[in-house]
Structure formats: structure tokens, C-alpha cells
Amino acid sequence: MKVTKSDCICNEELFHSLFKKYAKDLHDFLYYKYGPDCHPKDLVQEAFLKLWDNCKNVQEEKAKSYLFTVANNLTLNVISKQKTILRYKNEGQSSNTSESPQFLLEEKEYLDRLQDALNCLTEDQRVTFMLNRVEGKKHKEIAEMLGISRKAVEKRIYKALAILKTKVEGIK
């Protein structure tokens, strides 16, 4: 069903007001239901991106329901991926005992430093970096998704890498 012009959430002012109205509630819902490990801030952003992508097909009065459904599904996907990773990690550890306890300790410390470093990035840097390095998106794709220039994407990734290198390796 197509939405009429009068209630089209593709209008930037209306979309912005929907964001202001529902973003905190959506974040709190995800945080309290699933915890901080599912990165509720990122999922809220993703849900709003999906709403924007489908703004012509969603009526204003259905926007809240749409956002909560999309965010919940995105979170369930994240949890499913985490469970799969954990299952394979546990299988790999039980079958592969060639690593020394020292190596495993250093690996854990490195991963902790990496997570701390990722948390030090601005949200823009983190989102851009993760889209590029984790999801394998090209700079042009990221620029189109985020509505910024390709140079801005490159700059965000470059700064994120510099911060990560400094924080993880302890280089000043």
C-alpha cells in the first residue's frame, strides 16, 4: 500500500521528529531486553536506516511498530550470529590444544584492548569502520548508505585506524 504525500515519512522534518520521539525508547527496549552486548545504539541506527529506505511504504501511525519489529529482528540476527561464533570458537578450542596458555592469555588481552579501542571511536567512525572492515562494504557503498562523500568515508576509516593502532598497540 502506497502512502499519501500528507503522511509520508520521507519528509525529513517528520522523519527527524519520529527519530526524536522513538530513538530513546527503542534503545531502552533493546538494552533492557537483550543487554549491552548486542550494541543497541547501532541497532537503533540500523532500524531507522531501514525505515528511511522504506519510508514510502510505511505510514506515520505504523512507524513505531515498524521500528520496534525491525530492531527486534536485527537484534535476534545479532544474537544468532554471536551464538554461531561462540559455538565454532568453543569447537575450535576443544579440538585445537596447540596454543599455550600464555598465547591464549595474550590473545584475550589483545581482544580486550581492541574492544576498548573500538569503544573510543566516535559513532560515525565506528559505523563507517565496521561497515568497511566487518561487512566488507566498499567506500562508495558506505558513502551512499550514510549520505556522505567518499572522501568523508576515507577520512573516518583513516582516523579510526589511527586510533585503533594507538590504543591497541600502545603507540603514541
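With the highest mean first, a sort of the peptides 130-140, 45-55 on other beta-carbon atoms found within 10 angstrom per residue produces 45-55, 130-140.
Rounded to the nearest 500, the 222 nm mean residue ellipticity of the chain from helices alone is -25500 deg cm²/dmol, with -39,500 (n - 2.57) taken per DSSP H run of at least 4 residues. Normalised by 2.2 N^0.38 Å, with N the number of residues, the alpha-carbon radius of gyration of the chain equals 1.25.
Read the figures in this text as sums done on the coordinates, not as results from a lab. Since the structure is predicted, the reported quantities are computational estimates derived from the model, not experimental observations. When we count neighbours, we look across all protein chains shown, and the Cβ atoms used for this are built from the backbone with ideal geometry, even at glycine.
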